[in-house]
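Visitor: This is the structure I have questions about; it appears just below.
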Amino acid sequence: MPDSAPPPRSPQDTLTEISEWLERHPREVVILACRNFEGLSEDLHEYLISCIKTIFAEMLCPRG
């Protein structure tokens, strides 16, 4: 019997889904709480930051 579990989603897929939801709900606010980076290389961490900046672009609130 084949496994009926869905294939694993990439972080980009999940972030894109959140971004699309926000586009449909422009009055909503979402706070992304990212943690547990243990074992994540510096390159992958930078890649994650780049994905967040690219996918959410103008939706991000500036720091400060």
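Visitor: Please find, within the range 1-20, the residue that is nearest to I52 (Cα to Cα) out of those that are modelled with pLDDT under 95 and hydrophobic (A, V, I, L, M, F, W, C).
Guide: My answer is A5.
Visitor: For the range 7-41, give me each residue that is free of Cβ contacts under 8 Å to residues at least 40 places away in the same chain, among the polar types (S, T, N, Q) and not in a loop (DSSP other than H, G, I, E, B).
Guide: Within the range 7-41, T14, T16 qualify.
Visitor: L44 is checked against (1) in a helix (DSSP H, G or I); (2) loosely packed, with under 11 Cβ neighbours inside 10 Å; (3) hydrophobic (A, V, I, L, M, F, W, C) and fails just one. What number does that condition carry?
Guide: Failed condition: (2).
The values are calculated or read from the model by the stated rules, or taken from the named source; none is laboratory data. What you are looking at is a predicted structure, and each value in this text was computed from that prediction instead of being measured. Quick reminder, even Gly has a Cβ in these numbers, built from the backbone with ideal geometry, and neighbours come from all protein chains shown.
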